[in-house]
Structures are given as structure tokens and as C-alpha cells.
């Protein structure tokens with residue numbers, strides 16, 4: 001019965017994307033089929049197939065080891081008590097972001113990251129038939145942030161078709177960067193599940209985008225692009241320094257956004273409490289929105305008695321951000337939360353939340369992409385909400401597929 005519900009969920013998500021398409025007749029069903037197949041293959045490799053499953057688990061252990069090194073650096077600055085004692089978001093997450101940003105900068109300086117991104121971009125363009133710009137931005141989204149991955153195609157931004165632009169924004173919103181993956185791991189999340197989610201959502205982020213907004217300009221698919229990443233730094237040490245400073249900026253932005261987001265949610269909940277307490281009701285904004293997300297969580301394979309809790313996490317991720325959602329989920333996984341989730345529900349929730357698809361990301365894309373192509377700022381703003389929905393549906397699809405294989 002659980003499997004049937006999961007299959008129903010996959011069909012429902014795909015059907016909803018078809019209904020919301022702006023040109024159903026133009027949908028490329030070969031692309032949809034290949035993207036769904038790629039997503040399934042990735043899920044099988046990570047969760048089921050012996051050998052590759054252990055390999056991904058090993059990568060997950062490697063991520064945890066990187067965290068240990070970041071904590072070593074934090075311990076030197078803040079002392080062992082703050083760095084290794086009780087979890088402090090500022091210290092543990094901030095240190096991991098800065099360290100991974102420095103490593104990423106080093107990888108780009110040495111040309112390692114470019115080779116990996118080129119390989120993944122070729123895989124996407126040849127299997128799914130997307131344009132070079134789409135393949136490049138989508139594949140790099142696994143490693144860098146949602147705006148940084150668009151910087152790689154900045155020279156082509158003004159000439160992208162509406163479908164290409166929509167696809168690039170959706171794919172970037174539907175996954176997470178390497179630094180974010182490590183940050184969530186530092187919070188207590190399973191790195192193997194996060195890695196699977198991040199990779200799985202790339203092909204299906206493209207699928208959702210191309211169902212919502214199919215490409216009608218066939219010439220766009222033949223355009224070739226080059227990966228142009230200028231080296232930052234005079235040498236290896238300078239590159240690491242640049243990366244660390246950039247990481248510090250990212251960490252600072254994360255701290256500020258999380259602080260403000262949590263404070264605003266507290267404000268909204270305070271107002272709600274003042275109004276609803278008159279009627280003896282003590283619901284929070286996450287509870288109200290979670291009611292609407294509960295059926296979606298159930299369709300993804302979460303048992304009904306747990307679906308509200310997962311739906312509440314999904315609502316929090318969209319309205320606030322995934323840091324806050326993962327913060328709550330991490331406590332539940334550690335057995336310190338106000339409720340209990342089964343292992344299957346934990347897996348589905350982890351994957352469903354794994355993306356930058358929240359309301360704040362719309363503003364980030366308008367600001368970042370608008371600066372690259374000022375003449376398209378209003379167009380980017382109009383695409384925001386639709387891309388947010390498509391990106392969330394891509395992570396929900398990944399979660400449903402993972403739930404089927406659990």
C-alpha cells in the first residue's frame with residue numbers, strides 16, 4: 001500500500017506540472033523521461049546498489065571529516081568548550097561554511113572543479129537535450145550557490161530564452177551548494193541523504209522547469225557555451241584566502257538571514273497567539289501552513305500520522321528557509337524534538353527540504369541576476385514565484401522517489 005501511495009504521489013506531481021505548463025503541446029517528453037530516469041538511477045545508486053551505496057556513504061563520511069577539520073579551526077579561535085561542546089550555530093555552521101568556501105576556491109584555482117562541472121554539463125546536454133547554458137548552470141548548482149552558478153553563464157544571460165532563464169533559476173533553487181550541504185551536516189543531518197537529494201534534484205529540476213515552461217526556440221538548443229572562471233588569487237595561498245573571505249561573507253549573510261527569519265516568525269506567531277488565544281487556540285504560522293502541506297507529505301510516502309509534522313517542516317522551509325527547517329528536523333532525528341519521525345519519514349523530509357526554494361531566494365535571484373542583466377530584472381521578478389513552485393516540486397519528486405526505494 002505504501003508503494004502505491006508513493007507512485008500516486010509521483011504521478012500527482014508530474015500531473016500538476018503538466019496542468020501548470022504554459023504550453024502543454026510543446027513539452028519535450030523525451031527530456032521528461034530521461035530526467036526522471038536519471039533521478040531514479042541516482043536514487044538507486046545512492047540508496048540501494050551495493051558498492052555505489054557504500055561509495056556515497058564514504059563520501060558522506062568524508063564530509064563529516066571535513067567538518068572535524070573546520071571544528072579544529074574554530075576551536076583554535078573560540079576554544080574547545082565553544083567549538084566542541086554544546087552545538088552553537090554561529091560557531092559550528094560558520095566555521096564549516098568558511099572552510100568549504102576556501103577549499104572550493106582552491107579547487108577552482110587548480111582547475112579541478114571546472115573539469116567536474118564540464119563533465120556533468122555534457123552529461124545533461126547529451127542525455128536530456130538541454131542547451132549548453134542550462135547544462136552548465138544546473139550542474140554547477142551542486143557545488144556553488146544559486147547566484148554563483150549563474151555567474152558562470154553571465155556572458156550569455158542577456159541572450160537566454162525565457163525557457164532557458166526559467167530553467168536556470170529553477171534548477172539553482174531546487175538544489176543546494178557544497179557549503180550549504182556541509183553546514184546542514186554540521187547541524188546533524190545525514191550527509192549521504194543530502195548528497196543524494198542535491199544530485200537527484202538537478203535532472204528533475206530541469207524536468208519541472210521544462211514542463212512549466214517548454215523551450216520553443218529550437219536554435220537555443222544548439223548554442224555552445226564555454227566555462228569561463230577567472231582565477232582569483234596570485235597563487236594557491238591567495239586563492240585560499242580569497243575563498244575564506246568570501247566564505248566569511250556567506251556565513252555572515254546566513255547568520256543574518258536566519259536571525260531575521262526566526263525573529264519574524266516569532267513576531268508573526270506572537271501576533272497569532274494574541275489573536276487566537278481568545279478562542280483557546282495556540283497554533284503557529286507553521287502549523288496553519290503545515291495543514292495545507294500535509295497531503296503532499298502523505299503523497300510523497302510519509303505515513304499519515306507523521307505527515308503533518310513533515311508538512312509543517314516543508315511549510316517552514318518555503319516561508320522562512322531550509323536552515324530553520326533542518327534545525328528542527330535535526331533535533332527530531334537526535335531524539336530531542338517535540339515529536340518522533342520514523343526512519344522513512346526522516347529520509348523523505350531530508351530530501352524534500354533540500355533546496356534553496358524559499359521566498360527569500362526570489363529576492364536573492366532578482367538582486368543577483370538582475371545585476372548581471374539589468375534589462376531583464378522585471379522578467380526575472382515575474383518568473384520568481386513560478387520558479388519557486390517548480391523547484392519545490394522537483395525536491396518533492398526526489399523525496400517521493402527515495403520513499404519508493406526505502
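The values are calculated or read from the model by the stated rules, or taken from the named source; none is laboratory data. These numbers come from a predicted model, not from an experiment. Here Cβ is always computed from backbone atoms with ideal geometry, including for glycine, and neighbour counts include all displayed protein chains.
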- [ ] Please work out if residue 271 is over 20 Å from the mean Cα position of the chain (by Cα), assigned to a helix (DSSP H, G or I), modelled with pLDDT under 85 and more than 24 Å from residue 346 (Cα to Cα).
- [x] no
- [ ] Among the candidates 93, 46, 10, single out the residue that is within 30 Å of residue 129 (Cβ to Cβ) and modelled with pLDDT under 85.
- [x] 46
TODO: Mind counting the residues in segment 339-366 that are without any contact (Cβ under 8 Å) to a residue 60 or more places away in the chain and over 27 Å from residue 404 (Cα atoms)?
DONE: 4
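Each row is one residue, and each column tells you yes or no for (1) within 25 Å of residue 343 (Cβ to Cβ); (2) free of Cβ contacts under 8 Å to residues at least 12 places away in the same chain; (3) touching a strand residue (DSSP E or B) at 6+ places or on another chain (Cβ under 8 Å).
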position	(1), (2), (3)
255	no, no, no
268	no, no, no
271	no, yes, no
283	no, yes, no
290	yes, no, no
294	yes, no, no
300	yes, no, no
Task: All positions within segment 15-39 that are surrounded by fewer than 18 Cβ atoms within 10 Å (Cβ to Cβ) and either touching a strand residue (DSSP E or B) at 6+ places or on another chain (Cβ under 8 Å) or in a helix (DSSP H, G or I) (or both) - done: 15, 16, 18, 19, 24, 25, 26, 29, 30, 33, 36, 37
Open item on the list: Looking at segment 380-401 only, could you name the residues that are surrounded by fewer than 16 Cβ atoms within 10 Å (Cβ to Cβ) and touching a helix residue (DSSP H, G or I) at 6+ places or on another chain (Cβ under 9 Å)?
Closed with: 381, 385
Task: Condition check for residue 392: at pLDDT 85 or above and under 16 Å from the mean Cα position of the chain (by Cα) - done: yes
